[in-house]
Amino acid sequence: MQELEDRLKRNSLVNVIHIDDHIVESNKRYNTGFAEWYEYYYLQWNIELIKKDILKKLHCNKTEILLLFYDRTTNLMTNRKMVVATDSILLIEGIFLQRHEWRKFYDYTLFLQCSRTIREERVLSRDSYIGDLHARMDKYKSRYWQAEAYYMKKENPLQQADKIYHVSE
């Protein structure tokens, strides 16, 4: 993602939205009584709020929008203003972006395809806040990878993407 952003910045103004900056407070996405994968896919983000407050506004060429950002240290959402030049490129980065509720707002979609082995190595080497290697693997198995499998089947992002980029490292 960083490589793409850097390349685009050589010739254009670029704004980036990281979808994980807009997750909801932990009590809305953990221990809700639903399966962990369901919480991650359906409850991690306020799907309608992102559609209304980010995607619709940006699609209508709003140059200044107020966004809710999640602060992991306080577990609170705070408002921040984002200024987007009308002639800029907006990159939205994250998982599950091609869900049907959001897809129509994109001009172009790029799907980064990465092997399961590489993804496992990456998450096990970073996400130390989850716990030791065993705790990280358990969480990914019960929460993230099940939600990912559901997304791949439900939304078929490989078929919907304008371009598929195969990540090899």
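Looking only at residues of the stretch 6-20 that are charged (D, E, K, R) and either free of Cβ contacts under 8 Å to residues at least 24 places away in the same chain or over 17 Å from L97 (Cα atoms) (or both), we find that the one that is least open to solvent (accessible area, probe 1.4 Å) is D6. Quickly run through the stretch 90-122 and pick out the residues that are under 11 Å from A161 (Cα atoms), open to solvent by 70 Å² or more (accessible area, probe 1.4 Å) and without any contact (Cβ under 8 Å) to a residue 60 or more places away in the chain. D107, Y108, listed by residue number. Within the stretch 5-31, the set of residues being β-branched (V, I, T) and in a helix (DSSP H, G or I) comprises I19 only.
Condition check for A147 on (1) crowded, with 16+ Cβ neighbours inside 10 Å; (2) modelled with pLDDT under 90; (3) small (G, A, S): one failure, at (2). Looking only at residues in the stretch 21-31 that are among the polar types (S, T, N, Q) and open to solvent by 50 Å² or more (accessible area, probe 1.4 Å), the one that is farthest from the chain's Cα centre (by Cα) is N31. The conditions of being at pLDDT below 95, open to solvent by 30 Å² or more (accessible area, probe 1.4 Å), closer than 27 Å to W145 by Cα and not in a helix (DSSP H, G or I) are met by L68. Name the residues in the stretch 123-169 that are among the hydrophobic types (A, V, I, L, M, F, W, C) and farther than 19 Å from Q113 by Cβ, would you? Selection gives L124, I130, L133, A135, M137.
The values are calculated or read from the model by the stated rules, or taken from the named source; none is laboratory data. None of the values given here were measured: they were computed from a predicted structure. Glycine also receives a Cβ, built like all others from the backbone with ideal geometry; neighbour counts cover every protein chain displayed. Heads up: the accessible areas ignore ligands, DNA and RNA and are worked out on the full protein's heavy atoms, side chains in. Shrake-Rupley method; radii C 1.70, N 1.55, O 1.52, S 1.80 Å.
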